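Everything below concerns the one structure shown next.
The values are calculated or read from the model by the stated rules, or taken from the named source; none is laboratory data. From a predicted model like this one, the values you see are computed outputs, not experimental measurements. All Cβ positions, glycine included, derive from the backbone under ideal geometry; neighbour counts span all protein chains shown.
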Amino acid sequence: MSEALAASPAAGTDIPVPAAAGAHRFWRRLRAQRAALVAAAVVALLVLIALAAPLLTALEGQDPTTYHPGLVDSARGGVPIGSFGGASGDHWLGVEPQTGRDLFARLVYGARVSLGVALAATLIQVAIGVAVGVAAALGNRWVDQLLSRATDIIVSMPLMIMALALLAIVPSSFPRPVLVTLVIGLIAWGNIAKIVRAQTLTLKGLDHVAAARLSGWGAVRIVRRELLPGLAAPVITYAALLVPTNISVEAALSFLGVGVKPPTPSWGQMLTAADVWYQAAPQYLMLPAGALFVTVVALTVLGDGVRTALDPRAASRLRIGTGRRRESAAGTGPEAGPETGVEFGPEIGVETGAAAADGTSQSQSQDQAQEARKEATA
């Protein structure tokens with residue numbers, strides 16, 4: 001229905017904005033935020049490193065699982081031999097204490113696990129949350145009540161405790177990264193379902209959705225053509241903020257020993273083994289901790305930038321607060337005064353006249369009241 005309306009807009013009405021124009025506007029707003037651009041570059045670099053991990057380790061000539069016992073001092077408990085944790089031309093960031101495994105290889109392969117688990121879990125959360133939220137908003141009263149209560153139960157569940165319980169009872173033969181992804185994705189979709197339900201209830205009362213329903217469109221077609229485009233902005237915004245949260249959850253589960261198991265590298269797992277080596281081999285603790293910190297901060301800043309770029313109210317404030325003020329300061333606005341650059345509109349004169357009329361009527365009523373008091377006194 002919205003496509004039909006867009007094909008033949010009435011005279012004097014606003015023509016609907018095409019998707020390409022909306023994407024261009026979003027990119028323009030995002031480019032105006034330097035912090036978001038820097039964060040996007042950092043995230044892109046991390047994703048590129050994770051994807052190119054086999055190539056990078058082949059370039060170094062190492063892999064994340066091979067032991068090098070000759071590179072650690074067994075007399076000192078397995079401390080890496082040499083300065084900076086045994087860093088050399090063969091081992092760019094040094095080696096792991098006790099085992100001698102290459103630290104660079106484990107770090108870049110750990111990026112694959114941490115980012116992969118977080119992104120896959122986010123996709124699962126978004127898919128379930130959107131489906132449940134839309135079904136609750138479009139269903140009858142009983143369906144809405146049932147799905148809303150189920151969502152409340154999911155939201156009230158403590159994520160870490162439920163994940164610990166589920167990961168502890170699953171056999172170790174099940175692939176651990178896949179299991180962590182499923183656990184996080186199947187437990188933490190409640191908040192996005194609530195957001196989608198509230199937004200869908202708002203959208204389904206709009207004219208174009210009602211017109212599509214009167215035209216005989218089915219529910220699936222209405223959702224796909226009319227509702228999902230309106231849900232894109234809040235869903236993308238929330239998903240961008242979910243990714244760093246999921247990275248932290250995966251790292252915490254691996255740190256507690258129920259996440260990714262050795263020999264598969266993970267940043268949280270590396271932190272678990274590094275808690276006793278922060279004095280003898282500080283790089284073993286600082287490298288995965290620094291990688292986690294940079295990743296979470298970059299994703300959080302990027303998510304906030306996406307939220308600002310997709311928020312039409314923020315865009316409106318920027319447009320009104322900077323564009324008109326710039327025109328007024330330059331004295332080039334269509335309604336700017338000759339000296340001050342202050343905007344004047346016809347409403348000001350109307351309001352001034354109304355205020356003057358009100359003041360005149362008030363003064364007349366006061367004079368009449370004083371005359372009545374004088375007559376009563378006489």
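Count, please, the residues in the stretch 279-310 that happen to be over 17 Å from Leu107 (Cα atoms) and surrounded by fewer than 16 Cβ atoms within 10 Å (Cβ to Cβ).
Narrowing the stretch 279-310 to residues over 17 Å from Leu107 (Cα atoms): 279-280, 297-310.
Retained after the next criterion (residues that are surrounded by fewer than 16 Cβ atoms within 10 Å (Cβ to Cβ)): 279-280, 297.
Total satisfying the criteria: 3.
For the stretch 178-221, residues that are more than 23 Å from Ile124 (Cα to Cα) and either in contact with a Lys or Arg (Cβ under 6 Å, 6 or more places away or on another chain) or of a type in the set (Val, Ile, Thr) (or both) total 2.
Output yes when any residue across the stretch 171-186 is closer than 28 Å to Ala289 by Cα, in contact (Cβ under 8 Å) with a residue 12 or more places away in the chain and surrounded by fewer than 15 Cβ atoms within 10 Å (Cβ to Cβ), and no when none is.
Taking the stretch 171-186 as the starting set, the residues that turn out to be closer than 28 Å to Ala289 by Cα are 172, 174-186.
In the following step, the residues that additionally are in contact (Cβ under 8 Å) with a residue 12 or more places away in the chain were identified as 172, 176-177, 179-186.
If we keep only those that are surrounded by fewer than 15 Cβ atoms within 10 Å (Cβ to Cβ) as well, we get 172.
Checked the stretch 171-186: at least one residue is closer than 28 Å to Ala289 by Cα, in contact (Cβ under 8 Å) with a residue 12 or more places away in the chain and surrounded by fewer than 15 Cβ atoms within 10 Å (Cβ to Cβ).
Number of residues in the stretch 45-102 that are in a loop (DSSP other than H, G, I, E, B) and among the β-branched types (Val, Ile, Thr): the value is 4.
Residues checked against (1) under 21 Å from the mean Cα position of the chain (by Cα); (2) more than 30 Å from Gln269 (Cα to Cα); (3) not polar (S, T, N, Q):
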site: Ala131; (1), (2), (3): yes, yes, yes
site: Leu179; (1), (2), (3): no, no, yes
site: Leu182; (1), (2), (3): yes, no, yes
site: Leu186; (1), (2), (3): yes, no, yes
site: Gly190; (1), (2), (3): yes, no, yes
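Residue pairs whose Cβ atoms lie under 6 Å apart, sitting 6 or more positions apart in sequence or on different chains, and linking a residue in the stretch 109-121 that is over 14 Å from Pro288 (Cβ atoms) to a partner that is of a type in the set (S, T, N, Q) and buried (at least 20 other Cβ atoms within 10 Å of the Cβ), are Val117/Thr181; Ala118/Asn246; Ala120/Thr181; Ala121/Thr181; Ala121/Asn246. Just to verify a result, which residue in the stretch 58-77, among those that are in contact (Cβ under 8 Å) with a residue 40 or more places away in the chain and of a type outside the set (Asp, Glu), is farthest from Tyr109 (Cα to Cα)? The extreme case among them is Arg76.
Checking each residue in the stretch 80-99 for being surrounded by 12 or more Cβ atoms within 10 Å (Cβ to Cβ) and more than 22 Å from Gly110 (Cα to Cα) picks out Ile81, Gly82.
Those helices (runs of 4 or more DSSP H) of the stretch 233-323 in which at least 2 residues are closer than 30 Å to Ala198 by Cα and modelled with pLDDT of 80 or more, considering only elements entirely within it, cover 282-310. Take Pro97 and tell me if it is more than 36 Å from the chain's Cα centre (by Cα) and over 17 Å from Pro265 (Cβ atoms). Considered against the rule, which asks whether it is more than 36 Å from the chain's Cα centre (by Cα) and over 17 Å from Pro265 (Cβ atoms), Pro97 comes out as no.
What about Leu203, is it touching a Gly at 6+ places or on another chain (Cβ under 7 Å) and more than 30 Å from Ser114 (Cα to Cα)? Yes, satisfied. Yes or no: the stretch 79-87 includes at least one residue that is over 25 Å from Pro177 (Cα atoms), out of contact with any helix residue (DSSP H, G or I) (no Cβ under 9 Å at 6 or more places or on another chain) and either of a type outside the set (Val, Ile, Thr) or free of Cβ contacts under 8 Å to residues at least 40 places away in the same chain (or both). Looking through the stretch 79-87, at least one residue is over 25 Å from Pro177 (Cα atoms), out of contact with any helix residue (DSSP H, G or I) (no Cβ under 9 Å at 6 or more places or on another chain) and either of a type outside the set (Val, Ile, Thr) or free of Cβ contacts under 8 Å to residues at least 40 places away in the same chain (or both). Residues in the stretch 125-143 that are surrounded by fewer than 17 Cβ atoms within 10 Å (Cβ to Cβ) and assigned to a helix (DSSP H, G or I): Ala127, Ala131, Arg141, Trp142, Val143.
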